[in-house]
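The values are calculated or read from the model by the stated rules, or taken from the named source; none is laboratory data. Here the structure is a predicted model, which is why all the values come from computation and not from measurement. Positions of Cβ are generated from backbone atoms using ideal geometry, with glycine treated the same way; all protein chains shown enter the neighbour counts. Each accessible area value is taken on the protein alone, full model and side chains, heavy atoms only, with ligands, DNA and RNA left out. Shrake-Rupley method; radii C 1.70, N 1.55, O 1.52, S 1.80 Å.
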Amino acid sequence: MWTIIIILVAIFIIWVFISNNNDNEKIRNLNNNNGGLRKQFPNFTKFIEEDLNMIIKYDDGRNICYKKSEILGELNIGLKLEFDNTKVIYSKFIRNDGTTQIGKNVTYPFTNEMSLIEKCINTSIQDLNIIAEKQTSYDNVKDNVTDSQKEKYLKHWLEVICNTDKEDGLHYHALYLYKLDDINPIIMEANLIYKRRGNHPNNLESPSMNKISKVSFIYDDFFISAYPDVYLWSQNKKNSVRAFSLKKTNGVYLENTLSLMEFYRDLIDQYKEEGNSLECSK
């Protein structure tokens, strides 16, 4: 008698599993037909792409994962639908030595508010050791840079170039600017957060950032975040900055991204030629 009951229970569990799995596959196909999870969760993807500056790694309709190259490895943050379709934010850090550190799984907020999504993501990644040493200030970051770190910065920007689409503004900045100027990605990313949110939780932003308010549309966030001192210098010396000559500001630099990179390069080169050091470099 008990044997029969156990067999019936096992059959029922298997039936539920198969039935639910079939339903989940239907949900996957439905999501994929409607643009994947990226389209289903616009606030999540907006924060990941615009605030954290991450690029999509995959989206299979039930699991979307984003990636970002850091000095010590690759950060992954994603959103997945569990077996029972509970929505969960997850994270992991794949280190350069081959080890993987798993972040916390956090249930996706019920109300889909941006502030709650940000809180959930921060909770998920809070225990991941993304930076080698805990940094507490901009000066701390600058003072602890070694020659081997500079090589890692170059490697970081080369990986960004390889892993970003040519339509991505970060791709061009890394290719034509950052890797040539030894831009410290820790400081640049801190400045980017400061630029977009108005603050940085660990005060890692460089000194010039809090002196900048509104800027012309020709200076994008990626330029300001890596060269805030160059921007301030150019605004104070407009009459003597060669990139501002009539020949170069009559629309040429607005025609395409490469022209804009040339404009930025002119500004940076003159700034350095006058004996100035880049505050986000090295």
- Message: Checking the conditions here, which among N129, N144, N112 is farther than 30 Å from T257 by Cα, modelled with pLDDT under 80 and either open to solvent by less than 60 Å² (accessible area, probe 1.4 Å) or aromatic (F, W, Y) (or both)?
- Response: N112
- Determine if region 257-266 includes at least one residue that is modelled with pLDDT of 85 or more, crowded, with 17+ Cβ neighbours inside 10 Å and among the aliphatic types (A, V, I, L, M). yes
- Residues satisfying the stated conditions in region 42-100, i.e. part of a strand (DSSP E or B), open to solvent by less than 20 Å² (accessible area, probe 1.4 Å) and of a type in the set (F, W, Y): Y66, F93
- Task: Would you please list the contacts, defined by Cβ atoms under 6 Å and residues six or more apart or on different chains, that run from a residue in region 67-87 that is under 19 Å from E118 (Cβ atoms) to a residue that is open to solvent by less than 30 Å² (accessible area, probe 1.4 Å) and among the hydroxyl-bearing types (S, T, Y)?
- Result: I77/Y66; I77/S91; G78/Y90; K87/Y108
- Query: Residues K179, K152: which one is farther than 18 Å from L52 by Cβ, in a helix (DSSP H, G or I), touching a Leu at 6+ places or on another chain (Cβ under 7 Å) and touching a residue at least 24 places away in the same chain (Cβ under 8 Å)?
  - Reply: K179
- Message: Exactly one condition in (1) touching a residue at least 40 places away in the same chain (Cβ under 8 Å); (2) outside any helix (DSSP H, G or I) is false for I186; which is it?
- Response: (2)
- Item | Answer residue from region 182-200, given it is of a type in the set (D, E, K, R) and touching an Asp or Glu at 6+ places or on another chain (Cβ under 8 Å) and is surrounded by the fewest Cβ atoms within 10 Å (Cβ to Cβ) among those | R197
